[in-house]
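For reference, the structure discussed in these notes is given below.
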Amino acid sequence: MTDHSFDVIVIGAGPAGEVAAGRLAQRGKAVALVERELVGGECSYWACMPSKALLRPNEALDELLRVPGASGAIDPSGIDVPRALERRDEVIHHLRDDAQLPWLEERGVTLLRGHARLAGERRVAVEGVGDCTAREAVIVATGSSALLPPIPGLAEAAPWTNREATTASEVPGELIVLGGGVVGVELAQAWRWLGAYVMLVEAGDRLIAREEPFASEQVSQALHLRDVELWIGARAVGVARGADGRTTVTLDDGEELTGDRLLVAVGRRPRTEDLGLETVGLEPGEQIEVDDALRVPGRPWLYAIGDVNGRALLTHMGKHQARVAADAICGDDGARVGRLDGPLSPRVVFTDPNVAAVGHTLASAREAGIAARAVDRETSANAGGSFHGHGAAGTTRFVVDTERELLVGATFVGPEVAEMLHAATIAIAAEVPLATLANAVPAFPTRSELWLDLHVGD
Ligand SMILES: Cc1cc2nc3c(=O)[nH]c(=O)nc-3n(C[C@H](O)[C@H](O)[C@H](O)COP(=O)(O)OP(=O)(O)OC[C@H]3O[C@@H](n4cnc5c(N)ncnc54)[C@H](O)[C@@H]3O)c2cc1C
């Protein structure tokens, strides 16, 4: 077999791997990017992009329905489902990655197609290509897959994971969703809106448990109003698929739920099982631990970015880590992930209402020893909010460190608040003093006038 040699080899062409490869090539490195499926990774085809495409038509419709004058002009029969699914297919490029390739070509990145395995220090074996050597570094960016919990009968029932749930071309009559985290609630709402009867089972005591309790409540309420059946604090203990293809889930209190499809959305596992990790002294199947420069301790040539290191399972954070790792490889000593990494990362749940949050919740700030106070407001209770129409519910909370007079967290709940998040991200990342923020005047009439209340106190 031929021996291929590069400065840096990146394994996995999801958002993290692509960004790392592009940045390294732009900084003059000879880079190979190895991908065994589609360039663009989970995010482009089976995660972020299709889920948002499935949610968007009804989000837009609901926004119009709340606005007097516009609502009367809407066809009451709802959205055009086949057209919405077609649009989803356009967004995921019909599961082809041709559109992603020019970006790599323009940057001079060598794309190697095949399954890659580490084969010792700075060595990577790529199926169908051969043995490759990295002169400087190897970056692992292999992402994560859906976790199937060990519930008796679950694997045999061939449930949907995010892959089937984001690419299905028919709306199931009844869909059972296991898991009330971000993926579970987004896909429950998406398929409910598209016409499925949805039953959502969450073992914990609330949905999207990482967020503020009011965010959980308001998303639960929105799902409830849409007739999503919620089973909170209920644990699935058995699954069986009948001869008719329908699936029955047994809950811990003996209740049985039956549906045409079962979606499992209870978490992710790192894609490290068949990656040759044992050849470099790491444990296959485990997430790859890294320091703040994304380097694997004790192996200065090895980096891990994106979902595979388990720090923040979000595309934008994987891309941020990619830029940091690339800069570290290029010798920038100060290249480090910022303070808004991990659980403090900016994050959005794209349900209606959106939940957009960054930094601490009130509880996590207090747990971290911060003397925190909350400023709570109704998101649409100002002049800007009035234009979002009737029933645009949701709460905004700013979490303030009262000793340092800084914002340390923000959560916005409401229709289309995702775009409001970045101002808070800037204020927290840059530690802008509240006194300085007072000069950052929000335009009238926008919902951003909520920021003025930061200075009034609660
Ligand atoms: C339903 C859903 C919705 C989501 N929505 C959002 C959202 O709105 N916003 C957000 O920020 N995040 C969202 N996420 C999370 C986001 O999808 C991930 O954080 C992101 O895809 C991680 O990027 P990555 O590059 O680390 O890995 P991936 O996107 O998983 O890409 C890894 C790539 O590596 C390849 N690979 C794996 N092993 C090998 C190997 N051995 N050899 C060669 N290639 C290999 C894979 O084929 C894949 O292409 C969502 C996730 C889900 C499941």
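The values are calculated or read from the model by the stated rules, or taken from the named source; none is laboratory data. All values derive from a computational prediction rather than experimental measurement. For neighbour counting, all protein chains shown are included, and Cβ atoms are generated from backbone atoms with ideal geometry for every residue, glycine included.
Take the residues in the range 135-169 that are touching a Phe, Trp or Tyr at 6+ places or on another chain (Cβ under 6 Å) and not in a helix (DSSP H, G or I); name whichever of them is farthest from the ligand (Cβ to nearest atom). Ranking the qualifying residues of the range 135-169, first place goes to Ala137.
The rows are residues; the columns are (1) buried (at least 24 other Cβ atoms within 10 Å of the Cβ); (2) more than 16 Å from the ligand (Cβ to nearest atom); (3) in a helix (DSSP H, G or I).
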residue	(1), (2), (3)
Ile9	yes, no, no
Leu24	yes, no, yes
Cys43	no, no, yes
Leu61	no, yes, yes
Leu64	no, yes, yes
Gly72	no, yes, yes
Ser77	no, yes, no
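For beta carbons closer than 9 Å, sequence separation of 6+ or different chains, a first residue in the range 101-118 that is within 27 Å of Glu278 (Cβ to Cβ) and a second that is of a type in the set (D, E, K, R) and part of a helix (DSSP H, G or I), the qualifying pairs are Leu111/Glu105; Leu118/Glu278.
For the range 233-266, which residues satisfy the criterion of being in contact with a strand residue (DSSP E or B) (Cβ under 8 Å, 6 or more places away or on another chain), closer than 23 Å to Thr167 by Cα and among the small types (Gly, Ala, Ser)? If the condition is that a residue be in contact with a strand residue (DSSP E or B) (Cβ under 8 Å, 6 or more places away or on another chain), closer than 23 Å to Thr167 by Cα and among the small types (Gly, Ala, Ser), then Gly259, Ala265 are the ones that fit.
Taking Ser5, is it among the polar types (S, T, N, Q), within 11 Å of the ligand (Cβ to nearest atom) and touching a residue at least 60 places away in the same chain (Cβ under 8 Å)? So Ser5 does not fit the description; no.
Please tell me if Glu90 is part of a helix (DSSP H, G or I), within 28 Å of Val138 (Cβ to Cβ) and of a type in the set (D, E, K, R). No: the conditions fail for Glu90. You will find that of Ala203, Ala196, Ala116, the residue that is crowded, with 21+ Cβ neighbours inside 10 Å, within 26 Å of the chain's Cα centre (by Cα) and within 26 Å of Arg311 (Cα to Cα) is Ala116 and no other. I want to confirm something. Restricting to the range 394-444 and keeping residues that are in contact with a His (Cβ under 7 Å, 6 or more places away or on another chain), touching a residue at least 24 places away in the same chain (Cβ under 8 Å) and not in a strand (DSSP E or B), which single residue is surrounded by the fewest Cβ atoms within 10 Å (Cβ to Cβ)? The extreme case among them is Leu434. Of all residues in the range 297-341, those satisfying the criterion of being free of Cβ contacts under 8 Å to residues at least 60 places away in the same chain, part of a loop (DSSP other than H, G, I, E, B) and either among the acidic types (Asp, Glu) or buried (at least 21 other Cβ atoms within 10 Å of the Cβ) (or both) are Arg311, Ala312, Asp332, Asp333, Val337, Asp341. Got at least one residue in the range 75-84 being free of Cβ contacts under 8 Å to residues at least 60 places away in the same chain and small (Gly, Ala, Ser)? Yes - at least one qualifying residue is present in the range 75-84.
Of the strands (runs of 3 or more DSSP E) contained entirely in the range 241-281, those carrying at least 1 residues that are surrounded by 15 or more Cβ atoms within 10 Å (Cβ to Cβ), at pLDDT 95 or above and within 14 Å of the ligand (Cβ to nearest atom) fall at 261-264, 268-270. Note on the range 304-342: among residues that are more than 8 Å from the ligand (Cβ to nearest atom) and acidic (Asp, Glu), the one that is farthest from Met49 (Cα to Cα) is Asp333.
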